[in-house]
Number of protein chains: 4
Amino acid sequence: MEQEIKVCVYGATGYTGVELLRILLEHPYAKIVSLTSQSYAGKRLSEVFPSFLPTPLGSMFLTAEPEEDFDIAFLCLPHETSLELVPELLKRGKRVIDLSGAYRIGDKSKYPEYYGFEHTHPELLDKAVYGLPELFREHIKTAQLVANPGCYPTATLLALYPILREGIELDFVIVDALSGVSGAGRKTSQKFHYPEMEGNAFAYSVEKHRHTPEMEYVIQRVYGKDIKLRFTPQVIPAVRGMMAKVYTRCEELDFVSLYKETYEGEPFVFISQEPPHLKHVVGTNFCLLYLHYHRETSILEVISVIDNLSKGASSQAVQNFNIMMGFGEGLALKRLATFP
Amino acid sequence: MEQEIKVCVYGATGYTGVELLRILLEHPYAKIVSLTSQSYAGKRLSEVFPSFLPTPLGSMFLTAEPEEDFDIAFLCLPHETSLELVPELLKRGKRVIDLSGAYRIGDKSKYPEYYGFEHTHPELLDKAVYGLPELFREHIKTAQLVANPGCYPTATLLALYPILREGIELDFVIVDALSGVSGAGRKTSQKFHYPEMEGNAFAYSVEKHRHTPEMEYVIQRVYGKDIKLRFTPQVIPAVRGMMAKVYTRCEELDFVSLYKETYEGEPFVFISQEPPHLKHVVGTNFCLLYLHYHRETSILEVISVIDNLSKGASSQAVQNFNIMMGFGEGLALKRLATFP
Amino acid sequence: MEQEIKVCVYGATGYTGVELLRILLEHPYAKIVSLTSQSYAGKRLSEVFPSFLPTPLGSMFLTAEPEEDFDIAFLCLPHETSLELVPELLKRGKRVIDLSGAYRIGDKSKYPEYYGFEHTHPELLDKAVYGLPELFREHIKTAQLVANPGCYPTATLLALYPILREGIELDFVIVDALSGVSGAGRKTSQKFHYPEMEGNAFAYSVEKHRHTPEMEYVIQRVYGKDIKLRFTPQVIPAVRGMMAKVYTRCEELDFVSLYKETYEGEPFVFISQEPPHLKHVVGTNFCLLYLHYHRETSILEVISVIDNLSKGASSQAVQNFNIMMGFGEGLALKRLATFP
Amino acid sequence: MEQEIKVCVYGATGYTGVELLRILLEHPYAKIVSLTSQSYAGKRLSEVFPSFLPTPLGSMFLTAEPEEDFDIAFLCLPHETSLELVPELLKRGKRVIDLSGAYRIGDKSKYPEYYGFEHTHPELLDKAVYGLPELFREHIKTAQLVANPGCYPTATLLALYPILREGIELDFVIVDALSGVSGAGRKTSQKFHYPEMEGNAFAYSVEKHRHTPEMEYVIQRVYGKDIKLRFTPQVIPAVRGMMAKVYTRCEELDFVSLYKETYEGEPFVFISQEPPHLKHVVGTNFCLLYLHYHRETSILEVISVIDNLSKGASSQAVQNFNIMMGFGEGLALKRLATFP
């Protein structure tokens, strides 16, 4: 019989934190023993999120530091905080799933430019396993530290993986991606104030976005050579959901077969015959892919949809947790999208 | 050990039908054996609702009539269709949970005015149990036919029940209620076309609404005397969720204690200290109540929020199913609201 | 020929300020000479609101204090700031339209409880004209100081005025009102962060709201006796628009005729035969009223819709401006709602 | 002094029709004499669109055929209907602005594949002037027939024009574009039913879209050679607004200067220093362009935002009308976006 695992969620009151709690509540073997929050320490969880009122977890206190021992930690923290906490936890023998970007890129030279800090623990970058199960499942099983992928990289890498693995020659790669507003986090800002965001949409970080070097790094590992991406993220007036459209020029192949083979047996990646809708995956751990090759221009387009907070963050973290613990990979992750 | 129950869902492709399927998929003892649909017979479920693509249920065919035997039927059908199907199913010994309005009002004289038909099976109106567990749990246990309540009546009756049961003198009762657009069903119409409904809100059926006699009938049963309601339903630009505000004039009492006592032990009804938000309950079977007594006017206001498609329809139907079958009442119903 | 009027807009970068600018730009005789802003002083208007990029006004600088002389000031300022600025401007001979609540209630005793300050200039409360043209047009013409009404009071008082003026006996008055989120202003807050407000709705300030004494004060003036209101404001997921439903118990009358007579000739108030939609008035200075008398309960319900930022604030301010200056009352105010 | 022009609007009750009426109401020289509608003939305009209640136009009757003579016709009709009506009107000496696609593409061979009909009046294709004023103003002045551009082509061609005109070598051109739902028209459909579209987004017509040959045809005329486009339209949960992102690979230039020069003096096209938001242009005739050249990949990206119903349809039609009549080009078109 499976053993109960004691879980600590650091940073429980951001969007990835609260999404993680909702999922872990449905997990039969995860026992949440500590919830940390700097902003809300001393409050009960249901005071911050009244949707937890009906569960016992709702009356649990948020604390500045964990007050019980645990087996594994989920870190839903700012990059800088994760950066310093991870080595400390590893030293104490804890396994760690880090949802920040602090350990995702193996090349330490990218951090000053993209994250604004020198990486203080570069020796751990090699030990960190990039937590995209469809690419790195075997490494995740035994990992002490999993760097849980960013949302744009998750959607994009699942769209590119079959052709990268196949080593197909790609002339350029353009990633044009839409995200729901929750991707920007829980901190309020003028442009995400409801009256300014309803009915609005805009591109941002067109010149530089942290997820670009993350995607390029993983591509290099899988593909064996460098690809420079052109990446344009955009925000649309939806709470959740992400659609990445990946454009590349290459020779024609039977792409549908290639993708179906690559993802055969994968519990969370499906090939769709029609362009998928955000609403097909919102609230779930699923990724739907759609393929179109345009002969007149030799351009292959792959459309990939996920939920930015779920497969793009918290449910993927639980998928990694299941793999690390040897549980069924789909535990607590079978929920379908609410429709409508 | 509990037994698997064979379930047929009639009218599986309306909003209450598809919501029911999503919930039943998480139920350990419900085995869906038939899905009927007039509009989509011959198609696979996932062709109509691609969110079911990742489950085996997604590849099940919709059929015009059930093609396998079953123990219990959920009827997500038009009122007129339910009206005629119910007696037929009862004759065949099936238990029935009817989500339409065909058997909700015990007084047959209301049907011509409010439903546009003479009730053809008035003898069954006495046998039908009104499926609001918090009021009629004992009758539901052994019911052959459960008339699953309307959404507005669910929200309103839970708001009124404690003071009705207490027999408090009420000078008038005004129900002013907001509903998400899904309450109007899946059939398209000009006013619910996205460009016309975004940013819009309006009252409708101000002069006459089917839920008025339903509420008045149940009030009479619980309260022992007639109350005429003033009821104004409104639609707001949200998919799901319902907020009923019930205004009445009466003497001051310790209403919070009264409500807490009445609903003590109820797994799905909670008293909130702040006016509750739709988002606290969307996607769940919960009802949150908020009480305010205004001394200057002697007006008591009770605010009640539910999800119109869940506690107001399909999850309440599953709650009734659990009660009828002797299962734990919360099976498949513990899911919290997705936040944000 | 009409003369150009030099206008200063204080607090130009809040929602009522920017809405006022948009309207004044279409005004043939208003010349905007100064725009003040504490938060954005030193920036050009189009840096804060890029929608002004295509107009010369867009390149005008926001300043901490007006830097040119003017004839009339619109005050889109916090209550406390208006409170002190108004007497100073009046002393300098300026006419003032104050969009704050600082001078709306004639009874100074209400301010500590509802606004949190002692009124420091009670002698001006008598001089301030309540700027609801349909009720007080004659006084507005010659006013030095117009207290521009709140949004809820505008919608509610237009709904009540005909029966108040007629002196009809009213048993109680309940105001249940919905507002778009812009009514809460431009300052960000957690509950109006897009991901938390989309698909949400909730009641707020149920126990106490500043607009209650404002409405009660004007009712007393028009009706000649006190009425205590039960008022429940709610916010819905829309940017703009307000719907007040006013419930009262009284004898039956030919209400439609009464309302049509009362508002005959009014350029901005119309009686609708169907419950009006927010979208019929959003962006405009119009108010649509709908009447329903329910004989079973003797309850009269009046539904009133306006745009909270327009007729509920800035376009009403321009209507007052037109009246004060002797211009055509509809100048710059004839724009219809954008549809869809 | 300018003369009053008698205008007939054919197809007044679709979204482009009603948007045109709203704009023409603010036009000093346009006198609307006829409104046709097949679906609503016999009704008054305000019965269909209550937002017109406060104007005299609101009480005008919709008729199956025009019942008064006119100088110019705006055709807001299905393609097939325009196809046959245009020659008839031209024969009667009327000037015509056709908002359908029936006369936009000069190459008749495209119609069967993209519009599903053989073009029955190919002799008129040469006479039709493509109504994009920034490209073809001189031809529009004297045109009898203006083919008003599609929304995606308007946004895309304004983004491409300066580099096309300059003859810059372009390796490929990818157009990835987002549209508000109103672009799909007023006819209801399941996927645009409010509960299914809120929070949703999806790509459509990925394999073939009518606007592709329209764009390619105009590009050929301006650029002098063929370019095959890769075009992916998407719908997002907003009522109005369109954002086209045009990606091409070319040598680096001072693009900002090139674009500023090209559009110098244009009243409706502006270069933005930040990626523009839909809300900056919704409800207006403006187009905002943003330029970014990515040296690592030699990819130029131009982001173009317009309102699909305004600059992408009806206000552009009025701009063409002004040019044809010799009026100031900005008459009735100076309105700014409502904010928020």
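Structure above, values below:
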| quantity | calculated |
| --- | --- |
| Relative contact order (%) - segment B:72-158, alpha-carbon pairs under 8 angstrom, separation at least six | 30 percent |
| Total formal charge among the other residues, if their Cβ is under 10 angstrom from that of D:ARG295, Lys/Arg +1 and Asp/Glu -1 | -1 |
| Label 7 Å beyond Cα on the Cβ vector: C:GLY326 copy-to-copy distances, nm | 3.9, 9.0, 9.4 |
| ³J(HN,Hα), Karplus 6.51/-1.76/1.60, whole Hz, each residue of segment B:224-238, x for Gly, Pro | x, 9, 6, 10, 8, 8, 9, 10, 10, x, 9, 10, 10, x, 9 |
| Percent antiparallel among DSSP beta bridges (both partners in segment A:152-307, rounded to 5) | 70 percent |
| Pair-distance profile P(r), taking every C-alpha pair of segment B:125-197, with 5 angstrom steps and integer % | 3, 12, 17, 15, 16, 15, 11, 7, 4, 0 |
| Which of A:VAL48, A:VAL96, A:VAL281 has the fewest Cβ neighbours within 10 Å, and the rest in rising order | A:VAL48, A:VAL96, A:VAL281 |
| Listed residue (C:VAL173, C:PHE192, C:PHE202) projecting farthest to the positive dipole end of segment C:151-308, Cβ model | C:PHE192 |
| Chain A Cβ-axis minimum, rotational copy C, residue and distance in Å | A:THR188, 2 |
| Share, in percent, of DSSP beta bridges within the protein assembly as shown that are antiparallel, nearest 5 | 45 percent |
| Cβ charges +1 (Lys, Arg) and -1 (Asp, Glu), total dipole of the protein assembly as shown, debye | 0 debye |
| Loop trypsin sites (Lys or Arg not before Pro), segment D:1-96 (other Cβ atoms within 10 Å of the site Cβ: 15 or fewer; DSSP) | D:LYS43, D:ARG92 |
| Evaluated at q = 0.08, 0.09 Å⁻¹: base-10 log I(q)/I(0), Debye formula over Cα of the protein assembly as shown | -1.04, -1.33 |
| Euclidean distance between Cα centres, segment A:280-303 to segment C:21-50, Å | 45 Å |
| Student exercise, chain C dipole from Lys, Arg, Asp, Glu Cβ charges, in Debye to nearest 20 | 600 debye |
| Label 7 Å beyond Cα on the Cβ vector: A:GLU264 copy-to-copy distances, nm | 6.2, 6.4, 8.3 |
| Gaussian network model of chain B, springs between alpha carbon atoms under 10 Å - residue of B:MET242, B:MET215, B:MET197 with greatest fluctuation | B:MET197 |
| Chain A: DSSP helices with Cα axial extent of at least 30 Å and average Kyte-Doolittle hydropathy no lower than 0.5 | none |
| Sparse-neighbourhood loop sites, chymotrypsin sites (Phe, Trp or Tyr not before Pro) in segment D:154-205 - DSSP loop, at most 12 other Cβ within 10 angstrom | none |
| Positive-end residue, chain D charge dipole about Cα centroid, Cβ charges, pick of D:GLY11, D:GLY241, D:ALA143 | D:GLY11 |
| Chain B: relative contact order in percent, alpha carbon pairs under 8 Å with at least 6 residues between | 17 percent |
| Segment C:151-308: relative contact order as a whole-number percent, Cα under 8 Å and 6+ apart | 31 percent |
| Cβ-based exposure ranking for D:THR63, D:THR16, A:THR142, in which fewest neighbours within 10 Å come first | A:THR142, D:THR63, D:THR16 |
| 7 Å along Cα→Cβ, label-point gaps from B:THR55 to other copies, nm, shortest first | 1.9, 5.0, 5.3 |
| Cα centre as origin, Lys/Arg/Asp/Glu Cβ charges: segment A:29-106 dipole, Debye | 180 debye |
| Residue (of D:SER310, D:ILE323, D:HIS292) at the positive-pole extreme of segment D:259-340, dipole from beta-carbon charges | D:SER310 |
| Exercise: per-residue mean of other protein chain Cβ atoms within 10 Å, C:174-182 | 5 |
| Kirkwood-type radius of chain A, with distances r between different C-alpha atoms, in Å | 20.5 Å |
| Per DSSP, loop GluC sites (Glu not before Pro) in segment D:209-303 with at most 13 further Cβ within 10 Å | D:GLU251, D:GLU252, D:GLU264, D:GLU296 |
| Rg(Cα)/(2.2 N^0.38 Å) for segment D:152-308, N = residue count | 1.05 |
| Mean residue ellipticity (222 nm) of chain D, computed from DSSP H runs ≥ 4 via -39,500 (n - 2.57), nearest 500 | -8000 deg cm²/dmol |
| GNM result for chain B, Cα springs below 10 Å: residue of B:SER205, B:SER314, B:SER82 fluctuating most strongly | B:SER205 |
| Rounded to 5, percent antiparallel among DSSP beta bridges of chain C | 45 percent |
| Debye intensity ratio I(q)/I(0), log10, segment A:84-205, q values 0.13, 0.20, 0.22 Å⁻¹ (C-alpha model) | -0.72, -1.23, -1.30 |
| Distance (nanometres) between label positions extended 7 Å along Cα→Cβ at C:GLN220 and C:GLU166 | 2.5 nm |
| 15 Å beta-carbon shell around C:VAL239, net charge (K/R +1, D/E -1) | 0 |
| Spatial separation of Cα centroids for segment A:180-233 and segment B:95-117, in angstrom | 53 Å |
| Links that overshoot a 21 Å alpha carbon limit, given the list A:LYS279/C:LYS187; C:LYS6/C:LYS94; B:LYS191/D:LYS334 | A:LYS279/C:LYS187; B:LYS191/D:LYS334 |
| Karplus-derived HN-Hα couplings along segment B:190-200 (A = 6.51, B = -1.76, C = 1.60, θ = phi - 60°), whole Hz, x at Gly and Pro | 4, 6, 9, 5, 3, x, 9, 9, 4, x, 10 |
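A short reminder: the numbers here are calculations on the coordinates, not readings from a lab. Fair warning: this is a prediction, and the values are worked out from it, not measured in the lab. Methodologically, a virtual Cβ is constructed for each residue, glycine included, from the backbone with ideal geometry; neighbour enumeration extends over all protein chains shown.
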